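Asker: Here's a structure for you.
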Amino acid sequence: MLEELKKEVFEANMLLPKYNLVTFTWGNVSGIDREKGLIVIKPSGVPYETMTADDMVVLDLDGNRVEGKYKPSSDTPTHIEIYKAFPNVGGVVHTHSSYATSWAQSGRDIPCYGTTHADYFYGNIPCVRCLTKEEIEDYYEKNTGILIVDSFKERGIDYEAMPGVMCKNHGPFTWGKDPHEAVHNSVVLEEVAKMAYRAETINKDITPAPQELQDKHYFRKHGANAYYGQN
């Protein structure tokens, strides 16, 4: 079942250690088949060194396991809430990559200090609040997803123009049109987090890039009249 998607999700998961986004098993990638209403995700706690495409777990959007010998990632309910709320998302990634997680633990948005950031993320990359005691104790992972979705709605953030978020005291989530694009955005988020940290270290009085520069770089790549790259 969903053999191509399982292969794609497996390959995307294997990119996480390749790009130094995970230590041990601290991360996961999922993908969704919108027509069938099924997602494929990495199994919980299985080492990357021994994992295969056949180990991927297939679930429905209620979290019921449809196929797979392993339990799915413990973060599965978070992925599901993102898929339910963001209809154009085809892949979701969660890591504990060190720089992005450092911003998450500090509880700060990542300001847009330069064009690398602006090429991928339109505006400050948000850090959502920590969950309440009640939210943590009951349906922790599901509530993490609900918090991400609600925070984007409350702050008026376009999830396609901002394909990533940090959860306070936890770590980053990214998404994209498919699992590989979601991983790509996760790599960029980690690099942007690193650059922002270094920039603030070098200049404590740093200010965000001018809005016109941010607009130019984002819209030349993503806007209606985008001209970056090949046709």
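Asker: Relative to the longest principal Cα axis of the chain, at what angle does helix 76-85 sit, 0 to 90 degrees, rounded to 10?
Answerer: 60 degrees
Asker: How much length is gained on full extension from His96 to Glu35, taking 0.36 nm per residue of separation minus their Cα-Cα distance? All intermediate terms of the calculation are to be shown ahead of the outcome.
Answerer: Details: separation 61, 0.36 × 61 = 21.96 nm, distance 3.08 nm.
Computed gain between His96 and Glu35 is 18.9 nm.
Asker: Then there's this: Each label point is 7 Å from the Cα along the Cα-to-Cβ direction; what then is the distance between the points at Met195 and Ala161, in nm?
Answerer: 1.9 nm
Asker: Can you tell me the relative contact order of the chain? Whole percent, Cα pairs under 8 Å, sequence separation 6 or more.
Answerer: Details: 437 pairs, mean separation 49.8, N = 231.
Answer for the chain is 22 percent.
Asker: Using the Cα centre as the reference, give the magnitude of the dipole from point charges on the C-beta atoms of the chain (Lys, Arg: +1; Asp, Glu: -1; all else neutral), rounded to the nearest 20 debye.
Answerer: Numbers: 24 positive and 33 negative charges, 92 e Å.
With Lys and Arg at +1 and Asp and Glu at -1, about 440 debye.
Asker: Between Cys130 and Asp55, how high is the FRET efficiency from 1/(1 + (r/R0)^6) when r is the Cβ-Cβ distance and R₀ = 25 Å? Nearest 0.05.
Answerer: That gives a FRET efficiency of 0.20.
Asker: Which trypsin sites (Lys or Arg not before Pro) in the stretch 132-221 sit in a loop by DSSP (not H, G, I, E or B) and have at most 15 other Cβ atoms within 10 Å of their own Cβ?
Answerer: Taking the stretch 132-221 and a limit of 15 other Cβ atoms within 10 Å, the loop trypsin sites (Lys or Arg not before Pro) found are Lys177, Lys204.
Asker: Along the Cα-to-Cβ line of Val66, 7 Å from the Cα, sits a label point; which residues in the stretch 9-24 have backbone N less than 18 Å from it?
Answerer: 9-10
Asker: Another question, then. Compute, for the stretch 7-103, the length of the dipole vector about the Cα centre, with Cβ point charges of +1 (Lys, Arg) and -1 (Asp, Glu) only. Units Debye, rounded to 20.
Answerer: The dipole magnitude comes to about 120 debye.
Asker: Can you list residues from other chains, or at least 5 along the same chain, whose modelled amide H is less than 5 Å from the amide H of Gly91?
Answerer: Sorted by chain and number, the residues that satisfy this are Gly176, Asp178.
Asker: Kindly express, to the nearest 10 degrees and within the range 0 to 90, the angle between helix 3-18's C-alpha long axis and the longest C-alpha principal axis of the chain.
Answerer: 50 degrees
Asker: Right, here's the next one. Run through the stretch 56-146 and list the chymotrypsin sites (Phe, Trp or Tyr not before Pro) located in a DSSP loop whose Cβ has at most 14 other Cβ atoms within 10 Å.
Answerer: Answer by residue number: Tyr139.
Asker: Separate question: Once both labels are modelled 7 Å past Cα along the beta-carbon direction, what's the Gln230-Tyr48 spacing in nm?
Answerer: Going from the Gln230 label point to the Tyr48 one covers 2.9 nm.
Asker: Charges at C-beta only: +1 for Lys and Arg, -1 for Asp and Glu. How large is the resulting dipole of the stretch 173-231 about its Cα centre, in Debye rounded to 20?
Answerer: 100 debye
Asker: Rolling a 1.4 Å sphere over the protein heavy atoms, what is the accessible area per residue of the stretch 33-115, to the nearest Å²?
Answerer: Numbers: 3510 Å² over 83 residues.
Ligands and nucleic acids excluded, the figure is 42 Å² per residue.
Asker: Could you tell me the convex hull volume per residue, in Å³, taken over the Cα atoms of the stretch 118-220?
Answerer: Cα convex hull per residue, to the nearest whole number: 121 Å³.
Asker: For the stretch 48-150, which GluC sites (Glu not before Pro) are in a loop by DSSP, counting at most 10 other Cβ atoms within 10 Å?
Answerer: Glu49
Asker: Separate question: With N set to the residue count of the chain, report its C-alpha Rg divided by 2.2 N^0.38 Å to two decimal places.
Answerer: Ratio of Cα Rg to 2.2 N^0.38 Å: 1.00.
The values are calculated or read from the model by the stated rules, or taken from the named source; none is laboratory data. Everything numeric in this text was worked out from a predicted model, so none of it was measured. All Cβ positions, even for glycine, are placed from backbone atoms using ideal geometry, and neighbour counts span all protein chains on display. Calculation scope for accessible area: heavy atoms of the full protein, side chains included, ligands and nucleic acids excluded. Shrake-Rupley method; radii C 1.70, N 1.55, O 1.52, S 1.80 Å.
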